[in-house]
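The values are calculated or read from the model by the stated rules, or taken from the named source; none is laboratory data. Please read these numbers as outputs of a predicted model, since none were measured by experiment. Positions of Cβ are generated from backbone atoms using ideal geometry, with glycine treated the same way; all protein chains shown enter the neighbour counts.
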Amino acid sequence: MLKFLLLLIPFFLSACTFLPGTQVEVQDNASVYTGSWFSMQVPAIWTTNTGVLLGNPKMGSLELALISPEVRYGFSNNLIIIRDTLNGIITSARYAELNAAQTKWNYLEYVRIKNDPILYSDSDESRVIVFEAKYNPSTPKLKFIQTTKVCGTSVYMIHFAIALDKSPDAYIALAKTFACN
């Protein structure tokens, strides 16, 4: 049984290229992504994740999934943006706080690093949460950056997953450029 599991690990790692890794391609190389509902600066060399392992989110719809071309240890840094419909009036900051409170239950070894305000170009304030965690016992610990932005009756969750040795600052700067269309 153990031998069988050890054979599956390389297959799993090679198939999971949508998960975070390490590289330095963010700070000076951003381009503007413009979708139907929003625009945002993203790393210029990241590409659309068309991986079949991404799946559908538990709630809402996947609006954007980008991955870094550099793969280390079977993983690439990534960005996921999910849109959901609101059932009532809520601020971006309050939604971010509620999301952060529930997020920790979806990971193993969750350690919060930052919980800071983030100001978007339209003067809307939210919260940006940076934490280190593991998806499950067989994946490495990663660094995650999450924030939310309310646009009318929709809310967007902006989620970066990066390697532990990466500073979140450049990714937070990109998240600040999120704008509703």
May I ask you to list the residues in region 100-115 that are of a type in the set (D, E, K, R) and either in contact (Cβ under 8 Å) with a residue 40 or more places away in the chain or closer than 13 Å to A175 by Cα (or both)? K114
In region 30-44, residues that are of a type in the set (F, W, Y) and closer than 17 Å to F160 by Cβ total 2
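A quick yes/no check of all residues on (1) surrounded by fewer than 20 Cβ atoms within 10 Å (Cβ to Cβ); (2) among the acidic types (D, E); (3) without any contact (Cβ under 8 Å) to a residue 40 or more places away in the chain:
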| site | (1), (2), (3) |
| --- | --- |
| L98 | yes, no, yes |
| I129 | no, no, yes |
| L142 | no, no, no |
| T148 | no, no, no |
| L164 | yes, no, yes |
| I172 | yes, no, no |
With I82, I118 as the choices, which residue is crowded, with 17+ Cβ neighbours inside 10 Å, of a type in the set (A, V, I, L, M, F, W, C) and over 17 Å from G152 (Cβ atoms)? I118
Taking F75, is it closer than 18 Å to K134 by Cα and either modelled with pLDDT of 95 or more or touching a Cys at 6+ places or on another chain (Cβ under 8 Å) (or both)? yes
Considering only residues that are part of a loop (DSSP other than H, G, I, E, B) and of a type in the set (D, E, K, R), look in region 145-181 and name the one that is farthest from F38 (Cα to Cα). D165
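In region 150-162, what residues are over 15 Å from A96 (Cβ atoms), crowded, with 18+ Cβ neighbours inside 10 Å and out of contact with any helix residue (DSSP H, G or I) (no Cβ under 7 Å at 6 or more places or on another chain)?
Step one: list which residues in region 150-162 are over 15 Å from A96 (Cβ atoms), which gives 152-153, 161-162.
From what is left, the residues that are crowded, with 18+ Cβ neighbours inside 10 Å are 161-162.
Hit for region 150-162 is A161, nothing else.
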Can you pull out the residues in region 98-144 that are touching a Phe, Trp or Tyr at 6+ places or on another chain (Cβ under 7 Å) and part of a helix (DSSP H, G or I)? K104
Name the pairs whose Cβ atoms lie under 6 Å apart, with the first residue in region 56-78 and loosely packed, with under 15 Cβ neighbours inside 10 Å, the second at pLDDT below 85, and 6 or more positions between them or separate chains? R72/G21; R72/T22
Of I80, I89, the only residue that is out of contact with any Lys or Arg (no Cβ under 9 Å at 6 or more places or on another chain), part of a loop (DSSP other than H, G, I, E, B) and among the β-branched types (V, I, T) is I89
Within region 111-139, residues aromatic (F, W, Y), within 22 Å of A163 (Cα to Cα) and either out of contact with any strand residue (DSSP E or B) (no Cβ under 8 Å at 6 or more places or on another chain) or at pLDDT 95 or above (or both) come out as F131
